[in-house]
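Asker: Take this structure, written in C-alpha cells, and hold onto it; I'll ask about it next.
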Amino acid sequence: MQIELAQVAIVDGALAINLATVLEKISQRCIGTQLMVFPETVFSGFPDADNVAVLAQAVSGEMIAQVCAAARQYEIAVALGFAEVSDDQFFNASVLIDAAGEIVLHHRKVHLWSADTGIFSPGDCFTTAQWNGRQIGLLICFDIEFPESARALASLGAELIIVSDGLMHPHGVVHQRALTARSMENQVFSILVNRCETDAAGESFAGGSMVINPYGDIVLQANNGASTLTAQLDFSAVHESRKEYCYLDQRQVKLAMEEVDIGNQHTQAQRIKKS
C-alpha cells in the first residue's frame with residue numbers, strides 16, 4: 001500500500017487558505033498513492049474559546065464535503081484532523097475518507113491536552129473500520145501518550161493506526177518515543193503526520209512526521225519543514241511480527257471497555273467505562 005504524509009504549515013484561523021492547501025496536496029498526489037494523511041486541526045489551526053464557534057466545522061459540513069469530493073475526483077483516501085462542532089459541542093476530531101468520497105471512520109480525541117481543555121469536549125470511543133482490506137484506527141496527538149488508546153484499537157483488530165498530530169518544539173521526541181512503543185507493543189503499523197513551521201504566536205511546530213513498522217522501527221521520517229513523503233506498507237509484516245509471539249494473545253490484563261453499536265456496519269467501536 002502506498003501512502004503519503006502531507007506535513008504542512010497551517011495558518012491559524014485561515015479556513016480558506018488551509019482548505020486550499022489540503023485540496024492542492026490531494027490534487028498533486030503521486031501516482032499509485034492510496035492514502036494521504038494530514039495533521040491535527042488542519043483547517044483552522046488550534047482554536048481558542050473566543051473563536052472555536054467560528055472555526056469549527058460539522059462533519060457533514062461544506063469543508064469536509066469538499067475534501068470528500070476531492071478524494072472521489074482523484075481516487076485517493078484522505079485522513080485529516082479538524083475542529084468539529086456537533087449539537088453545540090466542540091471536538092478535536094479526525095476522519096478517514098475513502099476513495100469514493102465516503103467517511104468510513106470518525107474519531108474524537110479522547111485525551112485532551114491542557115490547551116484543549118475548556119475548548120473541546122473529550123471523545124469517549126475508540127473505533128476501527130475496514131478500508132482497502134485492512135482494519136484501520138485513528139488517534140489524535142495526546143491520545144498516543146496513553147497505551148490504552150492504541151491497545152483499544154489493536155483489540156478491535158487494527159493493523160494500521162493513523163495519527164493526526166500538532167506537536168510543538170521542544171516536545172517532538174515525545175511522540176517519536178510514544179508511537180514507536182505503541183507500534184511495537186501492539187505489532188501494528190503507525191503513521192503520524194505533524195504540522196510544521198512557526199505560527200503567528202511564535203509557536204514552532206516539530207514536524208518529524210513518520211512511519212513506524214510493527215517492530216517499532218521508524219522506517220521513514222520527515223524533517224521539520226513542509227514536505228510530502230511517500231512510503232510503501234507491506235502488511236505481511238503485521239503477521240510476521242506476531243508469528244513468534246503476539247502481545248495481544250499473551251496479555252493478562254484486559255481494558256475496562258464495552259462494545260458500542262454506532263450504527264455503521266463497517267465500523268467497530270469500544271467505549272471507555274468511566275469509573
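Readers should treat all values here as calculations from the given coordinates under stated rules, not as data from a laboratory. Bear in mind that the values here come from a model prediction, so they are computed numbers and not experimental data. Glycine also receives a Cβ, built like all others from the backbone with ideal geometry; neighbour counts cover every protein chain displayed.
Asker: Taking a virtual spin label 7 Å from the Cα of A65 along the C-beta vector, which residues in the stretch 15-58 bring their backbone nitrogen under 12 Å of it?
Answerer: Zone members listed by number: 58.
Asker: Can you tell me which of D261, D249, D199 moves the most in a GNM of the chain? Springs connect C-alpha atoms under 10 Å apart.
Answerer: Largest GNM mean-square fluctuation: D249.
Asker: Here's something else I'd like to know. Using 0.36 nm per residue of separation minus the Cα-Cα distance, give me the extension gain between V54 and L255 in nm, one decimal.
Answerer: Computed gain between V54 and L255 is 68.6 nm.
Asker: Which of the peptides 178-184, 139-145, 57-63, 19-25 is most tightly packed, and how do the rest follow, judged by the mean count of other Cβ atoms within 10 Å per residue?
Answerer: 139-145, 178-184, 19-25, 57-63
Asker: If each residue of separation counts as 0.36 nm, what is the full-extension length gain between Y247 and D87 once their alpha-carbon separation is subtracted?
Answerer: 53.6 nm
Asker: Where both partners of a DSSP beta bridge lie in the chain, what percent of those bridges are antiparallel, to the nearest 5?
Answerer: Counting only bridges with both partners in the chain, antiparallel ones make up about 70 percent.
Asker: Can you tell which of P170, P39, P47 shows the greatest fluctuation in a Gaussian network model of the chain with Cα springs below 10 Å?
Answerer: P170
Asker: Moving on. Where does each of 223-230, 204-211, 73-80, 128-135 land if you order them by average Cβ count within 10 Å, highest first?
Answerer: 204-211, 73-80, 128-135, 223-230
Asker: Let me ask something additional. How large is Rg over Rh for the stretch 1-119, taking Rg from the Cα atoms and Rh as the Kirkwood inverse mean of 1/r across Cα pairs?
Answerer: Rg/Rh for the stretch 1-119 comes to 0.96.
Asker: I want to check the label-to-label distance for S114 and A181. Put each point 7 Å from Cα in the C-beta direction and report it in nm to one decimal.
Answerer: It works out to 2.0 nm between the two label points.
Asker: What FRET efficiency comes out for L15 versus V219 if R0 is 45 angstrom and r is the Cβ-Cβ distance? Round to the nearest 0.05.
Answerer: 0.85
Asker: Moving on. Under 8 Å for C-alpha pairs, at least 6 residues apart: give me the relative contact order for the chain, rounded to a whole percent.
Answerer: 18 percent
Asker: Starting from the Cα-Cα distance between S227 and C30, subtract it from 0.36 nm times their residue separation and give me the gain in nm to one decimal.
Answerer: 69.6 nm
Asker: Taking other Cβ within 10 Å of each residue's Cβ, how do T33, T127 sort, fewest first?
Answerer: T33, T127
Asker: Candidates (1) 56, 38, 35; (2) 49, 45, 39; (3) 68, 51, 39; which is the computed Cα extents along the principal axes in Å?
Answerer: Structure-derived value, by its label: (2).
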